[in-house]
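Values quoted throughout were computed directly from the atomic coordinates according to the rules given, and no laboratory measurement underlies them. Here the structure is a predicted model, which means the values were calculated and not measured. Here Cβ is always computed from backbone atoms with ideal geometry, including for glycine, and neighbour counts include all displayed protein chains.
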Amino acid sequence: MTDHKTGTHEEWLAARLDLLDAEKELTRRSDELARRRQELPWVRVDKEYPFETDEGPASLEDLFAGSSQLLVYHFMFGPDYEAGCLSCSAIADGFDGSVVHLAHHDVTLCAVSRAPLAKLRAYKKRMGWKFPWASSYGSDFNYDFGVAHTEQEWRAGAVTYNYRENRDFRLPSGELGVQLTEFASTVGTDWDTYRREGPGMSAFVREDGVVYHTYSAYERGIDGLWGMYQWLDRAPLGRNETGMWWRRHDEYDKQ
């Protein structure tokens, strides 16, 4: 017998209509936040960033692939990783379905990682993905846009991520430390190496031959890109998670 509250259809409908009002308010608030994102001042990008792509060497402007808008997903895949981050992989599973629609709305979606292109190609083939994925290996791009930090920065005791300075980065003791060590092991490295990368997304626009940076988001700011959680938030038991339950989509049968 369930411990969850039960009731009649009439009781459910009354509660559902009350929730609908709250959902509509959230939607209106979300629309307002989207408007404020679009009103942020644009910052001209004059620095040259070299990338390697399946089509050959590329600049940031080349990543637009003919569109006037570029959305970059900062995929955690460092040069010393043997595989892409589990969470980024789960997020990226939803990209292919969106790329074609965005391309027909003057928006290019591209992932960027610091790993060499050969590693990205091999992992992309394993995952069965088709979306554009560029290597920024040897470039300052990930550092300048807040998703990569050097070993020296970590040793100095403070790095800036998600617009905040973070100071205590020792591996926690106890269960959390075990979980983080396990998380790092899923990409074939240790915690000190794993933590040099971070997830995020950045938006750019190209106008009159000039590229501008318009927006970036990190941490929970990219929750909306993680499609499976949007579904779980509507499931009867919600996220209902303890620890790191998800896997790469080709690993679930290997448990």
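Which value, in Å³ per residue, describes the convex hull spanned by the Cα atoms of the range 31-92?
Working: hull volume 9.3 nm³, N = 62.
So the per-residue Cα hull volume is 151 Å³.
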Task: Per-peptide average of other Cβ atoms within 10 Å, ordering 9-17, 176-184, 103-111, 192-200 highest first - done: 192-200, 103-111, 176-184, 9-17
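Using alpha carbons only, what's the Rg to Rh ratio of the range 1-68 with Rh from Kirkwood? Working shown, then result.
Working: Rg = 24.2 Å, Rh = 17.5 Å.
Across the range 1-68, the Cα-based Rg/Rh ratio is 1.38.
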Task: Rg over Rh, two decimals, the range 113-255 (C-alpha only, Kirkwood Rh) - done: 0.97
Open item on the list: Compute a Gaussian network model of the chain, connecting alpha carbons closer than 10 Å, and tell me which residue from 73, 215, 163 fluctuates the most.
Closed with: 163
Task: Globularity index of the chain, i.e. its alpha-carbon radius of gyration over 2.2 N^0.38 Å - done: 1.13
Open item on the list: Sorting check: for 137-147, 221-231, which peptide has the highest mean count of neighbouring beta carbons within 10 Å, and how do the rest follow?
Closed with: 137-147, 221-231
TODO: Once you've got the GNM for the chain with C-alpha springs shorter than 10 Å, pick whichever of 23, 32, 175 has the biggest mean-square fluctuation.
DONE: 23
Task: Angle in degrees between helix 9-38 and the longest Cα principal axis of the chain, rounded to the nearest 10 - done: 20 degrees
Task: Selection from 143, 159, 116, by position along the positive dipole direction of the range 90-246 (Cβ) - done: 116
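Could you work out the relative contact order of the chain? I mean the mean sequence separation of Cα pairs under 8 Å and 6+ apart, divided by the number of residues, in percent.
Working: 332 pairs, mean separation 59.8, N = 255.
Result for the chain is 23 percent.
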Task: Amide H within-cut-off set for residue 200, under 5 Å, with H built and near neighbours excluded - done: 74
- [ ] Enumerate the calculated ³J(HN,Hα) couplings along the range 200-210 in order (Karplus 6.51 cos²θ - 1.76 cosθ + 1.60, θ = phi - 60°), each rounded to whole Hz, writing x wherever the residue is Gly or Pro.
- [x] x, 9, 9, 10, 9, 10, 10, 9, 6, x, 10
- [ ] Considering only 150, 27, 160, give the residue with the highest GNM mean-square fluctuation for the chain, with springs between Cα atoms whenever their separation is below 10 Å.
- [x] 27
- [ ] Give the angle, between 0 and 90 degrees and rounded to the nearest 10, that separates the Cα long axis of helix 174-185 from the longest principal axis of the Cα atoms of the chain.
- [x] 50 degrees
TODO: Let me see the pair-distance distribution of the range 178-232: every alpha carbon pair, 10 Å bin width, integer percents in order.
DONE: 19, 28, 34, 14, 4, 0
- [ ] Round to the nearest 10 and give me the degree value, 0 to 90, for the angle of helix 117-127's Cα axis relative to the longest principal axis of the chain.
- [x] 30 degrees
Open item on the list: Cut-off under 30 Å on the C-alpha distance; same-chain residues fewer than 8 positions from residue 125 excluded. Which lysines are left, in chain and number order?
Closed with: 254
Task: Cα-centre dipole for the chain with unit charges at Cβ (Lys and Arg positive, Asp and Glu negative), debye to 20 - done: 160 debye
Task: Isolated Cys in the chain, by beta carbon distance under 4.7 Å - done: 110
Open item on the list: Given contacts defined as C-alpha pairs under 8 Å and at least six residues apart, what's the relative contact order of the range 69-188, whole-number percent?
Closed with: 27 percent
